[in-house]
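This report concerns only the one structure given below.
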Amino acid sequence: MSSVRFEPAGSLRGRLHPPPDKSISHRAALIGAMAEGRTRVYRYLDSADTRSTLGAIEAVGAGVSIISSDDRGGLEVDVEGVGLRGPSGAGIDVGNAGTLIRLMPGWLAGQAAGEWSLDGDDSIRGRPVDRVMEPLRQMGAEIECRDGRLPPLVVRGSELRGIDYELPMASAQVKSCLLIAGLLAEGETTVREPVPTRDHTERMLAAAGARLRRDGDAITVSPAERLEPAEIPVPGDLSSAAFFLAAALIVPGSELWLEGTGLNKTRMGLLSVLSAMGVEMEQGSVGGKGIAVEDIGEAGGESFGTLHATSSALRGTEVTPEQVPRAIDELPLVALLGCFAEGETFVRGAGELRRKESDRIAGVVEGLGGLGAEIEAAEDGFRVHGGGLRGGEIDARGDHRLAMLGAIAGLASREGVEVHGFDAVKVSYPGFERDLRLLLSC
Ligand code: S3P
């Protein structure tokens, strides 16, 4: 197992293009495979997870050509689609990718014939798939999985009918799966979400010619004959940029510009939490302290911009269940920020964290606790009291976001942190350590 040590840092300074967005990359490959003709993806994320999705679409017959790669973790990729009704039967290895194992069955379940099995690594085998299996079965799908809950999954193509489904949990993955299945169903399919979740699938399907409408908390999709290929530019991943954003805030004397970062409103929960923690927010100007959002643009239906962050005093806050879905992948960082805030930070309604690449409530509470944090777990969140971090050792538990959390904790700690299992970063951000060290030496 790889171990890497992160020493207390003087400051982080400079400009960085965060790697391309993981969620958008998965969808670009899948929707490209479902289209008829050639989809070109600009800045497709080059990571273990998104390579799994390229492998999966190739396994069902789509063509994948990597045209070029840049030095910031992006690939230019051509996807030759097989069409909505064209995937061939296969065994699919999803690796560590939860998004892939949840979205792809929606496409496969509605085929006229064929059989597919989907399986992955040990972490995937512990992640619930009944959340997509049950509503797909209501649509008429033939699906089985282990113990009625866990991968591997076996999907057989069958006729689907549209349903009106209220999501029992806020999940963009389940929503996306059902909207994709709805393209192949008879009649309309409506998905109702308790709280808005990331909407990249809706945006990308609409750009490919699908008919979707939103009415309050309900999204309705109509059956489609075909999807049109498109050119898809992928913005930088806010969830990857968030590690540097947090580092800039808690390592004194830091100033960073995170360029080309995706600013989709359904992903921006961390910024509202930071504002509640007392970080000054500015839009469109060069900020003094806190965070300024600059150079805002739009491409491929998604907004992006530069996050300009400088170190800032923090105060504790309460993150409510309504705020959770927009910040779900950044909540481990909220725990770290809470270690450097005055008073108490409290996260509730985040039980979904226990079902991510690892149990992130246990990983964060035991991990930061081992570094000297005053932190305690609840079933659906955690409570942390500010007081800084001593340092020590942390286990990434095979989870990319915990590995990066440990690294940033090391920079802000008094004695440094050794991260065990650091190579888990390859899942979403293979160049993380290189980028971090560049900003430390600027
Ligand atoms: C994702 C949705 C979220 C998120 C995950 C990626 C997506 O999961 O945690 O990292 O790409 O749709 P849920 O939809 O299960 O909350």
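The values are calculated or read from the model by the stated rules, or taken from the named source; none is laboratory data. Worth saying up front: this structure is predicted, and the values here are computed from it rather than measured. Here Cβ is always computed from backbone atoms with ideal geometry, including for glycine, and neighbour counts include all displayed protein chains.
A few remarks follow.
- Within region 154-206, the residues that satisfy the criterion of being in contact with a Ser or Thr (Cβ under 8 Å, 6 or more places away or on another chain), farther than 14 Å from Pro135 by Cβ and free of Cβ contacts under 8 Å to residues at least 60 places away in the same chain are Val154, Glu188.
- Hits in region 213-224 - residues which are free of Cβ contacts under 8 Å to residues at least 60 places away in the same chain and buried (at least 18 other Cβ atoms within 10 Å of the Cβ): Ile219, Thr220, Val221
- Restricted to strands (runs of 3 or more DSSP E) entirely inside region 1-72, those with at least 2 residues that are within 16 Å of the ligand (Cβ to nearest atom) are 38-45.
- If you filter region 73-90 down to residues that are touching a Lys or Arg at 6+ places or on another chain (Cβ under 8 Å) and assigned to a loop (DSSP other than H, G, I, E, B), you find that the one that is surrounded by the most Cβ atoms within 10 Å (Cβ to Cβ) is Gly81.
- A single entry from Pro233, Pro194, Pro223 fulfils the requirement of being modelled with pLDDT of 95 or more and closer than 25 Å to Pro20 by Cβ: Pro233.
- Checking Glu202, Glu225 one by one, the residue that is under 23 Å from Gly32 (Cα atoms), more than 12 Å from the ligand (Cβ to nearest atom) and of a type in the set (D, E, K, R) is Glu225 and no other.
- Residue check for Ala373: buried (at least 23 other Cβ atoms within 10 Å of the Cβ), within 23 Å of Gly410 (Cα to Cα) and touching a helix residue (DSSP H, G or I) at 6+ places or on another chain (Cβ under 9 Å): yes
- Those strands (runs of 3 or more DSSP E) lying entirely in region 255-370 with at least 3 residues touching a helix residue (DSSP H, G or I) at 6+ places or on another chain (Cβ under 7 Å) and buried (at least 24 other Cβ atoms within 10 Å of the Cβ): 255-262
- Within region 164-176, one or more residues are more than 16 Å from the ligand (Cβ to nearest atom) and either surrounded by fewer than 24 Cβ atoms within 10 Å (Cβ to Cβ) or over 17 Å from Trp116 (Cα atoms) (or both).
- Scanning region 109-144 for residues that are small (Gly, Ala, Ser) and loosely packed, with under 15 Cβ neighbours inside 10 Å yields Ala112, Ala113, Gly126.
- Complete set of residues in region 146-163 that are within 16 Å of the ligand (Cβ to nearest atom) and either outside any loop (DSSP other than H, G, I, E, B) or in contact with a strand residue (DSSP E or B) (Cβ under 7 Å, 6 or more places away or on another chain) (or both): Leu150, Pro151, Leu153
- Residue within region 120-136 that is at pLDDT 95 or above, of a type in the set (A, V, I, L, M) and more than 16 Å from the ligand (Cβ to nearest atom) present: no
- Residues of region 94-143 satisfying the condition of being polar (S, T, N, Q) and more than 21 Å from Ile57 (Cα to Cα): Ser123, Gln138
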